[in-house]
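In what follows, a single structure is set out as structure tokens and then discussed.
The values are calculated or read from the model by the stated rules, or taken from the named source; none is laboratory data. Quick caveat, the model's predicted, so the values are computed rather than measured. In this analysis, Cβ positions are derived from the backbone assuming ideal geometry, glycine residues included, and neighbour counts consider all displayed protein chains.
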Amino acid sequence: MLTITNFSKTYKGGKKAVDNLSLTVESGDILGFIGHNGAGKSTTIKSVVGILDFEEGEIKINDISIKEQPIKAKQMMAYIPDNPDLYEHLTGIQYLNFIADIFGVDSKERTLRIESYAEDFEIMKDLGDLIASYSHGMKQKVAIIAALIHRPKLLILDEPFVGLDPKAAITLKNAMRELCAQGSAVFFSTHVLEVAEKLCNKIAIIKSGHLMANGPTQELIKDSSLEALFMEVANEK
Amino acid sequence: MKNKVLLLSRTLLINQLKLNTFQSKGEIRNRRRFYLMLAVGIFLCLMLMVYAYMMGMSLAMMGITEIIPAYGLIMASAFILFFTMLKSNGTLFAFKDYEIMMSLPLTTRTIIFSRFLLMYGLNSLMVLLVMLPMGIAYIQYSSVTLLFYPIWVVGMLVAPLFPTTIAATIGAIIVWIASKFRYSNALSTVLSLVLLVGILVLSFVGGGLDESAWTTQNMANLGATIGDMINKSYPLARYYTEAVVNSSLVSLGIFVGTSVLWYGVFILVLARKYKQINTALMTHQTHSNYQLTQLHNASPLKALYKKELKRFLSSTVYVLNVGVGVIMAIVLSVAAFFVSDDMIISMFPMDNAYQMLESMLPFVVCGMVGMSCTAAVSLSLEGKNIWILQSLPIHPMTIFQSKMLVNLSIILPTAFISSLLLSIRFASNFISALYIISIPLIYCLFIPVWGMFIDINMHHYDWVSETAIVKQSANALVGLLGSGLIGLSPAIVILFMSTLNVEVFMPIVVVIFLMLTGILYKKIAKASQKHLV
């Protein structure tokens, strides 16, 4: 579903944020992307979703290059950033309808999906209010519903659990599992190692722009824990 | 407190002008933008100074030199009133870092002082640009004593206080009233628009001289007439005139004392209500009673268009600053019905004044409507939301088209109404009416394309207050003023080339407008191929 090959990204001023990273996310995978602050997680994610341009390497979504055919590639995925800055002058429902229009979701389908997800995330009654009046968590919920509205083949999330209440976090995890059960894939970054260990069937650890570990969760942690593995990688020179 | 005010003001200045970004060696794009803005700023300042000097010189040549001080003061005050009123919301109220500021161990007065100091600083520059050249003209055409110089300098320092506080008070009243209602932003926009139109109408109707003043017999009394008019509309100007013309220190004392006292009262009163106003402005009423009904789908272009139009209408700063051109066009065309032909002829001392005006009118409308170039800032206004458009499967050209269409929707109807009214009032034949109506409509195609082209090349998403984009950015200056000046430039050609064959000139201008539109549209299409907005 997602293939990253020899991807490197250098910022202005010469700082190499990501160096020769290769990674594959298969259909049905939930891959947790772990690393400390400034390790290169967000740079990789933003390049995958087409926000950042890059010169080295190749990123393909379902065999479609994000560089060569960005519109076609973006049509298959959805992205939720770590800080969902949404259009504050729109109401929640207007924003969701806008996203559904962009992805060409049928009116009947979108109504049903919004109803279902909004009930699950307990935000239905607030959808008529301006996004400007929402709390961080409420904005996060609207961003999640907007991402799920077109049933993406690849769901990409940057720190999705920050700001969510416990029930909403559980609902999101269930939605991620449900999506993967239908043949989609999920690729998300997180600092919460317990969540990654329980939720992800695959783990990738990045440090200073280099991929340090990558593979099925159980194979990587063996009899230990993700926390121990992460500390081992973090202390490696 | 003094140190804290200065500390806050310095931080505010660094943040607003992005001085740290400019210091960064890697930010070549920022440097280019800074230099471009500096060049445009210097050019505009020079233009204003030349205009003020020529105005002072004209008054002196008309034999009414004693009017210069009051005229300069009222001109500078009018500029301040107009520009400060439009930006008090966002600078003094409901600014982005309000919550951080209020959580610090600072008094409300310190915060207000620091925000006010920034407005005062910028307005002082405005005063300097107007009053310095007018002072030079005054010195040239009258015999001044040594006392004139300190009085004039004190006048320039004090002059911004009164209009800045008046403008901020009006701004505060508007946001205060608006904050009581659910749609506070919309109401604030409507109230500000009403006020803006009111000021424009008053300046056209009440501020203008009576027709009889223009007759030769009354020219001798013109000084007294204008003086009376100024004193009535701005009483402080009388004391300033007396201070300058008669070297009266008592009058200077009254002028300075009134201004400073008014400023002190303003700060004290505002400090008491400041938290209340900001809380009301920065919180939104919620109903939490939404019930889902059947949703309807639209094409991506239509969805983007609707989103863009809502963005425009939701921001008072955006509507007022960018919409001022279309408002001026409508007010002018309505006011034209209240001005007699004789007065127009007396204002243009040429043989063919009426015909000349008839030919210039379409370009006057173009110039005014050109100031409403929303496309010049709409991309930059995406700000932190840009990730949405960047990550969605939308071709950049569709995004650009939606922004240009919104611009067109704002200017096309107003240009049509304005030019239709002007054609009814002034057109002497069918061809003239056709030109007055059709040229602004054709120019309406150019405005959004020009604005989009500018914003694609000069956009930046990293801003704190939308005022910084709408009013102070390089793309706003080049986009809005550029389209205004390009539209107006044929009128200037007509004015200065009396032998010009208008029948040949008009079609040539139309062709040039269309060609420029086509070329820039192609460039936008080419830029959209880069895939990233």
query = Within the stretch B:495-515, can one find any residue that is part of a helix (DSSP H, G or I), among the β-branched types (Val, Ile, Thr) and within 17 Å of B:ILE456 (Cα to Cα)?
reply = no
ask   = Considering the stretch A:161-193 alone, what residues qualify as being touching a helix residue (DSSP H, G or I) at 6+ places or on another chain (Cβ under 8 Å) and acidic (Asp, Glu)?
value = A:ASP165
query = Just to be sure, is B:ALA336 surrounded by 19 or more Cβ atoms within 10 Å (Cβ to Cβ), more than 14 Å from chain A (Cβ to nearest Cβ) and in a helix (DSSP H, G or I)?
reply = no
inquiry  = Criterion first (of a type in the set (Ser, Thr, Tyr), within 30 Å of A:ILE66 (Cβ to Cβ), touching a helix residue (DSSP H, G or I) at 6+ places or on another chain (Cβ under 9 Å) and without any contact (Cβ under 8 Å) to a residue 60 or more places away in the chain) does B:SER391 satisfy it?
reply    = yes
Residues (more than 7 Å from chain B (Cβ to nearest Cβ) and either within 11 Å of A:VAL142 (Cβ to Cβ) or within 22 Å of the chain's Cα centre (by Cα) (or both)) located in the stretch A:106-117 = A:ARG113, A:SER116, A:TYR117
request  = For B:SER88, state whether it is out of contact with any strand residue (DSSP E or B) (no Cβ under 6 Å at 6 or more places or on another chain), at pLDDT below 90, among the polar types (S, T, N, Q) and not in a helix (DSSP H, G or I).
outcome  = no
remark   = A careful count of residues in the stretch A:55-100 that are closer than 27 Å to B:TRP463 by Cα and part of a loop (DSSP other than H, G, I, E, B) gives 10
ask   = Across the stretch B:349-403, what is the number of residues that are among the hydroxyl-bearing types (Ser, Thr, Tyr) and closer than 19 Å to B:ILE469 by Cα?
value = 4
request  = Kindly provide the set of residues from the stretch B:362-379 that are in a helix (DSSP H, G or I) and among the polar types (S, T, N, Q), ordered by number.
outcome  = B:SER378
ask   = Which one is farthest from the other protein chains (Cβ to nearest Cβ) among residues in the stretch A:118-129 that are buried (at least 22 other Cβ atoms within 10 Å of the Cβ) and outside any loop (DSSP other than H, G, I, E, B)?
value = A:ALA118
ask   = How about the stretch A:76-88: which of its residues are at the interface with another protein chain (Cβ under 7 Å from one of its Cβ atoms) and surrounded by fewer than 19 Cβ atoms within 10 Å (Cβ to Cβ)?
value = A:ASP85
ask   = Of the residues B:SER359, B:SER346, which single one is under 18 Å from B:GLU503 (Cα atoms) and either modelled with pLDDT under 90 or part of a helix (DSSP H, G or I) (or both)?
value = B:SER359
request  = Give just the number: which of (1) at the interface with chain B (Cβ under 7 Å from one of its Cβ atoms); (2) touching a residue at least 12 places away in the same chain (Cβ under 8 Å) does A:ILE145 not satisfy?
outcome  = (1)
inquiry  = Out of B:LEU295, B:LEU268, B:LEU304, B:LEU261, I need the residue that is facing chain A (nearest Cβ under 10 Å), modelled with pLDDT of 85 or more and in a helix (DSSP H, G or I). Which one?
reply    = B:LEU304
inquiry  = Quick check on my filter: what residues within the stretch A:155-170 are in a helix (DSSP H, G or I) and either surrounded by fewer than 19 Cβ atoms within 10 Å (Cβ to Cβ) or touching a Cys at 6+ places or on another chain (Cβ under 9 Å) (or both)?
reply    = A:PRO166, A:LYS167, A:ALA169, A:ILE170
task = Within the stretch A:51-61, track down each residue that is more than 9 Å from chain B (Cβ to nearest Cβ), modelled with pLDDT under 95 and surrounded by fewer than 17 Cβ atoms within 10 Å (Cβ to Cβ).
result = A:GLU55, A:GLU56
B:TYR318, sole failed condition from (1) away from chain A (no Cβ under 14 Å); (2) closer than 30 Å to B:ILE394 by Cα = (1)
Qualifying residues in the stretch A:89-104 (those that are facing chain B (nearest Cβ under 7 Å) and among the β-branched types (Val, Ile, Thr)) - the one surrounded by the most Cβ atoms within 10 Å (Cβ to Cβ) = A:ILE102
task = Answer with yes or no whether A:LYS72 is touching a Phe, Trp or Tyr at 6+ places or on another chain (Cβ under 8 Å), free of Cβ contacts under 8 Å to residues at least 24 places away in the same chain and of a type in the set (Lys, Arg).
result = no
request  = Tell me, please, whether a residue that is hydrophobic (A, V, I, L, M, F, W, C), over 30 Å from B:GLN285 (Cα atoms) and in a loop (DSSP other than H, G, I, E, B) can be found in the stretch B:119-133.
outcome  = no
ask   = If you go through the stretch B:239-253, how many residues are surrounded by 17 or more Cβ atoms within 10 Å (Cβ to Cβ), closer than 16 Å to B:VAL158 by Cα and of a type outside the set (Ser, Thr, Tyr)?
value = 4
request  = Check every one of the helices (runs of 4 or more DSSP H) wholly within the stretch B:380-482 and list those with 2 or more residues that are within 14 Å of chain A (Cβ to nearest Cβ) and farther than 26 Å from B:MET360 by Cβ.
outcome  = B:386-391, B:396-426
query = Name the pairs: first residue in the stretch B:255-276 and closer than 18 Å to B:VAL153 by Cβ, second residue of a type in the set (S, T, N, Q) and in a helix (DSSP H, G or I), Cβ to Cβ under 9 Å, at least 6 apart or on different chains?
reply = B:SER259/B:THR165
